[in-house]
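Taking it in order: structure first as structure tokens, then the write-up.
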There are 2 protein chains.
Amino acid sequence: MIPILSIVGRSNVGKTTLLEKLVRELTGRGYRIATVKHDAHSFEIDHEGKDSWRHKASGAVMTVISSPGKLALVSDTDHDHTLSELRDRFIDHADLIITEGYKKEAHPKIEVFRKERSTELLCVTDDNLLAIAGDPEDRPENVPVFDLDDPASLCDFIEERFLSK
Amino acid sequence: MIPILSIVGRSNVGKTTLLEKLVRELTGRGYRIATVKHDAHSFEIDHEGKDSWRHKASGAVMTVISSPGKLALVSDTDHDHTLSELRDRFIDHADLIITEGYKKEAHPKIEVFRKERSTELLCVTDDNLLAIAGDPEDRPENVPVFDLDDPASLCDFIEERFLSK
């Protein structure tokens with residue numbers, strides 16, 4: 001079963017930027033990383049006027065675009081999928097799933113925290129908080145803190161926890 | 001097993017336009033249609049700079065974007081998936097899969113043909129050609145021809161062949 005790690009934190013604290021750094025570093029170490037972005041509302045994808053966009057816009061419940069090196073799909077859904085559902089249904093050939101968001105699920109989490117953005121952590125230990133990336137002044141006991149500009153150290157931690165063979 | 005029907009034809013003959021009409025008509029009749037677009041080369045999807053785009057661009061082998069009403073994924077692949085692979089792996093909750101392209105596969109086909117575009121049909125009967133939409137001057141025996149501007153009649157035919165309960 002592919003492990004799941006969630007990057008959580010308040011709006012505009014830098015979740016996507018940290019996720020990018022982690023994916024780049026772990027990919028460089030030879031791991032295959034899948035990512036999940038949660039969007040609370042709706043989102044736009046694909047480019048208006050393209051054939052695949054026209055397929056979906058004409059009423060298809062799902063449109064797949066397939067080529068020899070890349071594959072994409074856009075689908076209507078009737079509920080907000082849990083991470084386990086997404087993993088079981090769509091994700092394989094990955095060593096680790098890193099998500100942006102999904103604070104409310106029980107999977108292990110890294111919180112991005114910058115004191116210029118807020119005064120309090122979003123997570124507490126019972127949220128399955130594994131580590132903090134940033135500059136908290138207080139932190140739960142036994143939760144290590146990593147520098148946002150040192151993704152390599154955080155990746156060592158992730159590798160040890162999730163990827164050691 | 002969800003049936004597969006392919007819309008084939010030469011470049012710029014109007015395959016996407018016919019597919020749109022069929023999806024709109026069949027959806028209006030209450031069917032759930034999934035579509036597949038084949039792309040021989042590569043393709044772009046998602047919008048540069050968006051969080052999900054940044055996930056994939058940083059090296060993720062697959063990125064999923066999930067919301068309560070819509071779900072999308074973009075994935076690297078190591079081969080050109082067959083339609084059966086796509087169906088088995090990704091498509092459910094659909095009554096019919098309509099594809100654009102996939103002329104070389106053995107699934108039933110409708111060829112879009114306009115004599116202003118070419119002189120010869122792309123398919124012959126042994127290509128599993130079910131019907132022609134357009135204005136061919138010659139056609140294989142027992143292959144019905146439908147007017148490109150009359151998707152309702154073609155949908156009656158499709159409904160009879162693929163969707164009768």
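The values are calculated or read from the model by the stated rules, or taken from the named source; none is laboratory data. These numbers come from a predicted model, not from an experiment. Neighbour counts are summed over all protein chains in view; Cβ atoms, including those assigned to glycine, are modelled from backbone coordinates with ideal geometry. Just so you know, the surface numbers come from the protein's heavy atoms only, side chains and all, with ligands and any DNA or RNA stripped out. Shrake-Rupley method; radii C 1.70, N 1.55, O 1.52, S 1.80 Å.
Rounded to 0.05, the FRET efficiency of the A:S11 and B:A57 pair, given R0 = 30 Å and the Cβ-Cβ distance, is 0.90. Taking all protein chains as shown and a probe of 1.4 angstrom, A:L121 keeps an accessible surface of around 40 Å².
Stretched out fully, how many nm does the piece from B:E160 to B:R117 gain, at 0.36 nm a residue minus the Cα gap?
Contour length minus the Cα-Cα distance gives 12.5 nm.
In chain A, the longest principal axis of the Cα atoms and the axis of helix A:15-28 are about 90 degrees apart. I'd like the FRET efficiency for B:D78 and B:V124, computed as 1/(1 + (r/R0)^6) with the beta carbon distance as r and R0 of 25 Å, rounded to 0.05. So the FRET efficiency works out to roughly 0.15. Dipole check for the protein assembly as shown: with +1 at the C-beta of Lys and Arg, -1 at the C-beta of Asp and Glu, and the Cα centre as origin, the magnitude is about 60 Debye.
Annotation for A:E120, label-to-label distances across the other copies: 7.6 nm (shortest first, one decimal, point 7 Å from Cα along Cα→Cβ).
Restricting to bridges with both residues inside the range A:1-139, how much of the DSSP beta-bridge set is antiparallel, in percent to the nearest 5?
Rounded to the nearest five, the antiparallel share is 25 percent.
For the listed residue pairs B:K15/B:K70; A:K21/B:K56; A:K15/B:K50; A:K15/A:K70; A:K21/B:K37, the alpha carbons are over 21 angstrom apart in B:K15/B:K70; A:K15/A:K70; A:K21/B:K37. Heavy-atom accessible area for B:R139, with the other protein chains in place and a 1.4 Å probe, reaches approximately 130 Å². Taking R0 as 35 Å, what FRET efficiency do you get between A:E137 and A:A106 from their Cβ-Cβ distance, rounded to the nearest 0.05? E(calc), rounded to 0.05, equals 0.85. With a simple spin-label model that places each label point 7 Å from the Cα along the Cα-to-Cβ direction, the separation between B:I2 and B:D88 comes to 1.6 nm. Taking all protein chains in place and a 1.4 Å probe, what share, in percent, of the accessible surface of chain B do carbon and sulfur account for? Answer for chain B is 45 percent, counting heavy atoms of protein chains only.
Leaving out ligands and nucleic acids, and using a 1.4 Å probe, what accessible area per residue does chain B come to in Å²?
That works out to 47 Å² per residue.
May I ask you to derive the relative contact order of chain B, considering only C-alpha pairs under 8 Å and at least 6 residues apart, and to give it as an integer percent? 33 percent. Accessible area per residue was computed with a 1.4 Å probe on protein heavy atoms; B:H81 scores about 20 Å². Here the Gaussian network model covers chain A, with springs between Cα atoms less than 10 Å apart; of A:E85, A:E44, A:E105, A:E44 fluctuates the most.
For the range A:103-165, what does the alpha-carbon gyration tensor say about shape, rounded, prolate or oblate, given a ≥ b ≥ c as the root eigenvalues, a/c under 1.5 as rounded, and a/b over b/c as prolate? Judged from the Cα gyration tensor, the range A:103-165 comes out oblate (a/c at least 1.5, b/c at or above a/b).
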